[in-house]
Amino acid sequence: LGSSSVHSRGVLSLSWNLNGKRLATASEDKTARVYEVDDNGTVKSIAKLEGHGDALSQVCWDPINPNRLATLSGDRDKSLKLWDVRTCQPTSIKLSADFLNMSWSSNGSLIAVGSVMFSNNDGLGEMKDIIAIVDLKSGDIK
């Protein structure tokens, strides 16, 4: 992608938008980046999305809106952000746990987030899977 377009730390997730014209990346440097990719494979950086307080674990495009992107950050940040990549302005949703993965529903109205938690805060003890559903219309987390 070229040295002027890459993250300063490792890329943890990649996702193509629904029409295959944009590629988004999520990084340990607390940012997401959006690139336009033409039919010849030429890449152009179009957005740097900043605002998370910790590394981004996941990036995922809305399945029906080619301009809407979700980013997920766990650890201390514990937030999901929804971006309109044309304006680079996010809507933030605070989460209750350190979620690592996410997936949109096919109609774009829900996002599932998932992770694992331990019964002790030291990372030891019994593991428990956690899955939550975020209703994007109401903002409710179930």
(request) Could you check how many residues of the stretch 27-38 are under 17 Å from Pro66 (Cα atoms) and either touching a Cys at 6+ places or on another chain (Cβ under 7 Å) or open to solvent by 40 Å² or more (accessible area, probe 1.4 Å) (or both)? (result) 2
(message) Tell me yes or no: at least one residue of the stretch 99-108 is within 23 Å of Arg68 (Cα to Cα) and out of contact with any strand residue (DSSP E or B) (no Cβ under 9 Å at 6 or more places or on another chain).
(response) yes
(message) So, in the stretch 74-124, how many residues would count as being open to solvent by 30 Å² or more (accessible area, probe 1.4 Å) and among the aliphatic types (A, V, I, L, M)?
(response) 6
(request) Mind listing just one residue for me: the one in the stretch 115-136 that is within 17 Å of Lys94 (Cβ to Cβ) and out of contact with any Lys or Arg (no Cβ under 9 Å at 6 or more places or on another chain) and, of those, modelled with the highest pLDDT? (result) Leu136
(message) For the stretch 6-26, give me each residue that is surrounded by fewer than 20 Cβ atoms within 10 Å (Cβ to Cβ), small (Gly, Ala, Ser) and within 10 Å of the chain's Cα centre (by Cα).
(response) Ser13, Ser15
(message) Pairs please, first residue from the stretch 18-43 and over 16 Å from Trp83 (Cβ atoms), second anywhere and of a type in the set (Lys, Arg) and not in a strand (DSSP E or B), Cβ atoms under 8 Å, 6+ apart in sequence or on different chains.
(response) Glu28/Arg9; Asp29/Arg9; Val37/Lys21; Asp38/Lys21
(message) So, restricting to strands (runs of 3 or more DSSP E) that lie completely within the stretch 33-142, which ones have at least 1 residues that are over 20 Å from Arg9 (Cβ atoms) and β-branched (Val, Ile, Thr)?
(response) 43-50, 89-94, 110-118, 127-135
(message) Among the residues in the stretch 54-68, are any within 23 Å of Ser138 (Cβ to Cβ), among the small types (Gly, Ala, Ser) and either open to solvent by less than 40 Å² (accessible area, probe 1.4 Å) or modelled with pLDDT under 95 (or both)?
(response) no
(message) If I ask for residues that are closer than 16 Å to Asn67 by Cα and in a strand (DSSP E or B), which ones from the stretch 1-25 would you list?
(response) Leu14, Ser15, Trp16, Arg22, Leu23, Ala24, Thr25
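When you scan the stretch 57-78, do you find a residue that is without any contact (Cβ under 8 Å) to a residue 12 or more places away in the chain and not small (Gly, Ala, Ser), even just one? Steps first, please.
So in the stretch 57-78, the residues without any contact (Cβ under 8 Å) to a residue 12 or more places away in the chain come out as none.
The answer is no; no qualifying residue exists.
The values are calculated or read from the model by the stated rules, or taken from the named source; none is laboratory data. Bear in mind that the values here come from a model prediction, so they are computed numbers and not experimental data. So basically every Cβ, Gly included, is an ideal-geometry build from the backbone, and we count neighbours across all protein chains shown. Just the protein is used for accessible areas: all its heavy atoms, side chains included, with ligands, DNA and RNA removed. Shrake-Rupley method; radii C 1.70, N 1.55, O 1.52, S 1.80 Å.
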